[in-house]
1. For segment 187-214, enumerate the residues that are farther than 19 Å from Ile82 by Cα, of a type outside the set (Val, Ile, Thr) and surrounded by fewer than 20 Cβ atoms within 10 Å (Cβ to Cβ).
2. What strands (runs of 3 or more DSSP E), lying completely within segment 42-101, carry at least 1 residues that are surrounded by fewer than 14 Cβ atoms within 10 Å (Cβ to Cβ), at pLDDT below 95 and over 17 Å from the mean Cα position of the chain (by Cα)?
3. Taking Thr36, is it out of contact with any Ser or Thr (no Cβ under 8 Å at 6 or more places or on another chain), at pLDDT 85 or above and of a type in the set (Ser, Thr, Tyr)?
4. Those residues that are of a type outside the set (A, V, I, L, M, F, W, C) and modelled with pLDDT of 90 or more, I need them from segment 109-139; list them, please.
5. Need a quick list: strands (runs of 3 or more DSSP E) entirely within segment 123-230 having at least 3 residues that are within 19 Å of Thr44 (Cβ to Cβ) and touching a residue at least 60 places away in the same chain (Cβ under 8 Å).
Amino acid sequence: MIAIGLLTFAACKPKKQIIAPPVVKTTQLDSGVNLTAETFIGPTLKDWTYFSAKINIKFTQNGSTTPVEAHLRMYKDSLIWISAGYGLYRILINNDSMVIMDKINTSYTVYDKASLAELMDAPLTVSQIQNILLGQPAFALKFYQITFAKDSSFQIDYIQEKFVTSHAFNKQVMTIDSTRIDDNLTTNYANAIYSSYSVIDSHNLPYTVKLFATSKNPISMEIEYSEPDFTTALTFPFTIPASYDKKK
């Protein structure tokens, strides 16, 4: 359920397209200095390799809300590992597949790239999901242009033919207040609202992330972090016993 929720949110992301390199757009400050998203925002983003935290989730779909407690581990751009239900359910997402292991029913399900795209109507990357979870720009900064709205905030936009991805920043502390991805061909959209930021291991982390996505199966999900850690090297245990049945 957790993984499907995250992927449903990400389903509003653009499908891969062959596009020409973007024209780098600059924004001029009152001082006359020209800035790109990379030069303005890039220095405020601290790189990371590992992330772990306990997460409390409220998952809502079809009018029903389900609370979930889980442990989250991530290896940048490569792996997302989730253990829920006191370890009875384990999920591993990489750039090629997602595997869900159900210890109660001694079974597991594998979604490869093709089946994930069919299930969610979108190709997904681990990096995009990780960025959304951590309150960071979904794509590389070189794709964005800056829009200054007012003294206290500004917005960056990645404009494509079919999709527009926007991030609203708090200018004072350089954190993202919200992310929105609009499908120009439909009324579908996805957004994320970030709050309760705190500095963890020199990273600005939103302790609360509220997600909403329309698309085929509208969902909302509120995630609250506790015990976040960017410094500890992690393992990602995921061994499927030979006796488990593979679900189709």
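1. Asn188, Tyr189, Asn191, Ser195, Ser196, Tyr197, Ser198, Asp201, Ser202, His203, Phe212 - these are the residues of segment 187-214 that are farther than 19 Å from Ile82 by Cα, of a type outside the set (Val, Ile, Thr) and surrounded by fewer than 20 Cβ atoms within 10 Å (Cβ to Cβ).
2. Details: elements: 50-61, 64-75, 79-84, 89-93.
Result: 64-75.
3. On the way: out of contact with any Ser or Thr (no Cβ under 8 Å at 6 or more places or on another chain): no; at pLDDT 85 or above: yes; of a type in the set (Ser, Thr, Tyr): yes.
For Thr36, the condition - out of contact with any Ser or Thr (no Cβ under 8 Å at 6 or more places or on another chain), at pLDDT 85 or above and of a type in the set (Ser, Thr, Tyr) - is not met.
4. At the first step, the residues of segment 109-139 found to be of a type outside the set (A, V, I, L, M, F, W, C) are 109, 111-113, 115, 118, 121, 123, 125, 127-128, 130-131, 135-137.
Answer for segment 109-139, where residues must be of a type outside the set (A, V, I, L, M, F, W, C) and modelled with pLDDT of 90 or more: Thr109, Ser127, Gln130, Asn131, Gly135, Gln136, Pro137.
5. Details: elements: 145-150, 153-159, 163-170, 175-183, 189-200, 203-213, 219-229.
Filter on segment 123-230 gives 145-150, 203-213.
The values are calculated or read from the model by the stated rules, or taken from the named source; none is laboratory data. Remember, predicted model here, so these are calculated numbers, not experimental data. Cβ atoms come from the backbone with ideal geometry, glycine included; neighbour counts cover every protein chain shown.
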